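Note sheet for the following structure.
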Amino acid sequence: MTLSVDSVRSTITTHFINGEWTDAGGATFPVYNPLDGELVSESAAGGTLEARAAVAAAAAAFPEWANLAPGARQLLFLKAADIVERRTEELVELMAVEGGASRAFSTFQIRLSAAMLRQAAGWGYLPAGDVLRSDVPGRTATVTRKPLGVVAGFTPWNGAFYLAWRTFLLPMAFGNTTVIKPSELAPRSAGLVHAEILAEAGFPPGTFNVVTHAPGAAAAIADVFFESPAVRCINFTGSDKTARILGAQAGRALKRMVLELGGFNPVIMLEDADVEESIRAVTFGAFLHQGQVCMNSRKVYVHRSLHDEFVSGLTARVEALKIGDPRDPEVIIGPLINDSAVEQIVARVKDALDRGATLVTGGKADGRLYPPTILTHVPADAMCTTGADETFGPLLVIEAFDDSEEAFRAAQNTPFGLSASVMTQDRARGLDLAARFDTGIIHINAPTMASEAALPVGGVKDSGWGRSGYYAIEDFTELRLTTMSSEPGRYPF
Ligand code: NAD
């Protein structure tokens, strides 16, 4: 099965298990375009049986994949990168109709994905371990990095194309085989299209498997992952709410888990910040993918001396962003993913306004389209500003400060710890503030929303744990200690 631009809509999709496209006995569920409710696909509604078959296929493929020569693996990854680029136009179309992604966001994901594939292609050649010194006479000791086995991945609907690569490509690059359960909201861009690409590139059957499911049926598949001894790690990208459920299961099953979760991602603009640059960085950081990315900025703390200039400049810039059907290449703000996403932002804006906040721009839904919205003078107890929860949409709160230490303490007052930014022309001061931030990522003079294939992205606190890029080796391998003694041992008894 290969998608083409013409067949992006109204396609019936199947699972991908052991290198074959298999249906679930005809059971399907519909996937709709979030913009207009048009049918995008009928996807296979899988469950326990398919999940078990996928895990078995991945387990059977593991020994050969783990021992494949680095050069052979490298060729496969490089080929997959070329296919991703060749299919750019249909991928852009798919991400638009399935997830509401603008061209700017989908091409960003495509570039990152190809870059990650090309980087991962070489990792098989990196040193596989160390030789250690031993105090025991005649003993030599080595530690070797070994793949874990089967890694089962949960992928989200947002940023689905890139994040799905991140979910299985990193484990596979270190010799693991994988089973992916894509989000039911975007089963193709969150997993199935990757199966097409890997199949075309020639990845061996079973190394990569995808099982899709109807809404409400995720837990049955998760149960299979947690119960299967062959699954050695769960790689989850999604919300902290789901992570808490799955984390409890991981505790009971004693499974390793990698968690890439949400964030609140504050920006602090010190009094010497370049206002024009800050406006550009915050527009991108807060409103890329209409605020539905884990690293989007949710709040800007701006020095009072810059507040008015910043707010008026930012407002002018975001009001110029074209809103509409993301298939129009000029559209930057597409639809929110579903009605509950619209209801969440509508409720959060109303709550803030009821408490006395000022609406600077936006604030009115048009179906699933919601404009970039800026609030100022938001009381501290309004839901959108406490930092306790992401408002997963195009809503930004701006707060003026006089004392940067107070702003810093307020920005830190969130259970999340994914990303943050400091805007300042005093690099030393920026570095000093950055060093004290309790986040996995901190940028100086750049948006909170930034990703490069080589850089380790990940959070602390309720934003999860685990890192992308090469550092994922810590998550997806384990160390094997081997000793060899060439002299008789000395024992106490
Ligand atoms: P979600 O938690 O609703 O879903 C994520 C995955 O978990 C999906 O595959 C879903 O089907 C599955 N799932 C949901 N409930 C489940 C259950 N009870 N049992 C088993 N599986 C279940 O998240 P989402 O709405 O798809 O994604 C948005 C969230 O993901 C946001 O919070 C966002 O910040 C976060 N996110 C984080 C990163 C990161 O890298 N840190 C990246 C993207 C998204």
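Some points to look at:
- Hey, Ala81 at pLDDT 95 or above and over 16 Å from Phe161 (Cα atoms) or not: no
- Residues that are outside any strand (DSSP E or B) and either touching a residue at least 60 places away in the same chain (Cβ under 8 Å) or within 12 Å of the ligand (Cβ to nearest atom) (or both) within the stretch 458-472 comprise Gly458, Gly459, Asp462, Ser463, Gly466, Arg467, Ser468, Gly469, Tyr470, Ala472, listed in sequence order.
- The single residue among Ala320, Ala253 that is away from the ligand (no atom under 12 Å from the Cβ) and assigned by TED's automatic domain parsing to the domain that holds Arg467 turns out to be Ala253.
- Flag if Pro415 is closer than 30 Å to Leu369 by Cβ and in contact (Cβ under 8 Å) with a residue 12 or more places away in the chain: no
- Scope the stretch 106-161; condition buried (at least 17 other Cβ atoms within 10 Å of the Cβ) and closer than 25 Å to Met484 by Cβ; matching residues: Arg145, Pro147, Leu148
- Among (1) more than 21 Å from Thr178 (Cβ to Cβ); (2) part of a helix (DSSP H, G or I) - the single one Ala80 does not satisfy: (1)
- From the options Ala195, Ala190, Ala222, residue that is outside any strand (DSSP E or B), in the same structural domain as Ala80 (by TED's automatic domain parsing) and under 21 Å from Pro34 (Cβ atoms): Ala190
- Condition check for Asp354 on (1) within 16 Å of the ligand (Cβ to nearest atom); (2) farther than 19 Å from Ile268 by Cα: one failure, at (1).
- Number of positions in the stretch 480-493 that are surrounded by 11 or more Cβ atoms within 10 Å (Cβ to Cβ) and either within 16 Å of the ligand (Cβ to nearest atom) or not polar (S, T, N, Q) (or both): 1
- Of all residues in the stretch 229-240, at least one satisfies being more than 12 Å from the ligand (Cβ to nearest atom), in a strand (DSSP E or B), closer than 27 Å to Glu452 by Cα and in the same structural domain as Glu474 (by TED's automatic domain parsing).
- Pairs are defined by a Cβ separation below 8 Å, a sequence spacing of at least 6 or placement on different chains, a first member in the stretch 224-238 that is under 17 Å from Gly206 (Cβ atoms) and aliphatic (A, V, I, L, M), and a second member that is modelled with pLDDT of 95 or more and in a loop (DSSP other than H, G, I, E, B); the pairs so defined are Ala230/Gly149; Val231/Gly149; Val231/Lys255.
- Selection of the stretch 134-187 for residues being more than 16 Å from the ligand (Cβ to nearest atom), part of a loop (DSSP other than H, G, I, E, B) and of a type in the set (A, V, I, L, M) yields Val136, Leu148.
- Of the candidates Asn158, Asn176, Asn209, the single residue that is closer than 19 Å to Ile83 by Cβ and in contact (Cβ under 8 Å) with a residue 40 or more places away in the chain is Asn209.
- For the stretch 188-210, filtering for residues that are surrounded by fewer than 22 Cβ atoms within 10 Å (Cβ to Cβ) and near the ligand (Cβ under 9 Å from one of its atoms) leaves 0.
- Failed item, numbered, when His213 is tested on (1) buried (at least 21 other Cβ atoms within 10 Å of the Cβ); (2) near the ligand (Cβ under 10 Å from one of its atoms); (3) assigned to a helix (DSSP H, G or I): (3)
- Subset of the stretch 259-301 [aromatic (Phe, Trp, Tyr) and within 13 Å of the ligand (Cβ to nearest atom)]: Phe264
The values are calculated or read from the model by the stated rules, or taken from the named source; none is laboratory data. All figures in this text were calculated on a predicted structure; none of them were measured in a lab. All Cβ positions, even for glycine, are placed from backbone atoms using ideal geometry, and neighbour counts span all protein chains on display.
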